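Worksheet: one structure, shown below.
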Amino acid sequence: MAETVSRSLSEELYGLLQKERFVTLATIDHESGSPALSSLSWTYAASSDLIRFAVDNRSRILTNITKEPQVVLHLIGAGSSYAINGQAVVKSERLEGVPLKLAMVEIAIEAVRDIMFYGSRISVEPQYEKTYDKNAAAKLDNQVMEALKNAN
C-alpha cells in the first residue's frame, strides 16, 4: 500500500481511538538511547491531533518521554497499520478519579503514516483479554477511559 501522510487522524482512526484498544508505543530509552517498545490499552483520541494515554506513574515510559519527547504510536485497524508520530508530554502524574497511581501523557500528533507493506491488508485486528477479575477490570477500564476523556 502506498504510504499516506497526514498531520492528523482521519475520521476512521479517530473513531477507533474513542475506546480502549491495543496499541504499541515506541520511545527512546533514557539510559541506552536505543528504541524502546511498550504495549498500551488505555488510549484515547481527545481530538484529531491529540492522543492521551494512561500508564503506571512508575513506568519507564515517563522517564523516556521526559528526556526525549519524540514518540511513535503504532495502531492496527481500519484494514491497515499506522505509525502516528508526535511529541509526548506528561500532563499529569496522577490521573483524577482512578484508584491506581496512573499518569496521563498527551501526544501532539505531527504525522500519521500508513505503514502496511505493499499489496496487503489487515484481515483480523489484534485482540486481548484481561486475565484478572473481569468485573474489576471493566470497572477500572471505565474509570481510566472516563478520566482520559474528561482531562483538561
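The values are calculated or read from the model by the stated rules, or taken from the named source; none is laboratory data. What you see is a predicted model; the values in this text were computed from it and never measured. All Cβ positions, even for glycine, are placed from backbone atoms using ideal geometry, and neighbour counts span all protein chains on display.
Numbers for the structure displayed
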| item | result |
| --- | --- |
| From Leu16, Leu73, Leu102, residue being at negative phi, touching a helix residue (DSSP H, G or I) at 6+ places or on another chain (Cβ under 9 Å) and surrounded by 16 or more Cβ atoms within 10 Å (Cβ to Cβ) | Leu102 |
| Matching residues, the stretch 66-78, being in a strand (DSSP E or B) and more than 22 Å from Pro126 (Cα to Cα) | Gln70 |
| Residue list for the stretch 36-47, filter: among the hydroxyl-bearing types (Ser, Thr, Tyr) and within 8 Å of the chain's Cα centre (by Cα) | Ser41, Thr43, Tyr44 |
| Out of Leu13, Leu25, Leu73, sole residue that is modelled with pLDDT of 95 or more, in contact with a Ser or Thr (Cβ under 6 Å, 6 or more places away or on another chain) and within 25 Å of Tyr118 (Cα to Cα) | Leu25 |
| Among residues of the stretch 1-37, those that are farther than 19 Å from Glu125 by Cβ and either in a helix (DSSP H, G or I) or out of contact with any Pro (no Cβ under 8 Å at 6 or more places or on another chain) (or both), counted | 13 |
| Residue that is farther than 18 Å from Phe22 by Cα and of a type in the set (S, T, N, Q), where the choices are Ser38, Ser123, Ser80, Ser48 | Ser48 |
| Residue tally, condition surrounded by fewer than 17 Cβ atoms within 10 Å (Cβ to Cβ) and closer than 15 Å to Leu62 by Cβ, over the stretch 37-47 | 1 |
| Those residues of the stretch 48-58 which are surrounded by fewer than 16 Cβ atoms within 10 Å (Cβ to Cβ) and either within 13 Å of the chain's Cα centre (by Cα) or in a loop (DSSP other than H, G, I, E, B) (or both), in sequence order | Leu50, Arg58 |
| The stretch 124-145, residues that are closer than 25 Å to Ile76 by Cβ and assigned to a helix (DSSP H, G or I) | Lys134, Ala137, Ala138, Leu140, Asp141, Asn142, Val144, Met145 |
| Residue match in the stretch 1-22 (condition: β-branched (Val, Ile, Thr) and under 12 Å from the mean Cα position of the chain (by Cα)) | no |
| Hits in the stretch 108-133 (condition: surrounded by fewer than 10 Cβ atoms within 10 Å (Cβ to Cβ) and within 17 Å of the chain's Cα centre (by Cα)) | Gln127 |
| Condition broken by Thr63, with the remaining ones in (1) assigned to a strand (DSSP E or B); (2) out of contact with any strand residue (DSSP E or B) (no Cβ under 7 Å at 6 or more places or on another chain) satisfied | (1) |
| Filter pass, Val89 being surrounded by fewer than 16 Cβ atoms within 10 Å (Cβ to Cβ), in a strand (DSSP E or B) and aliphatic (A, V, I, L, M) | yes |
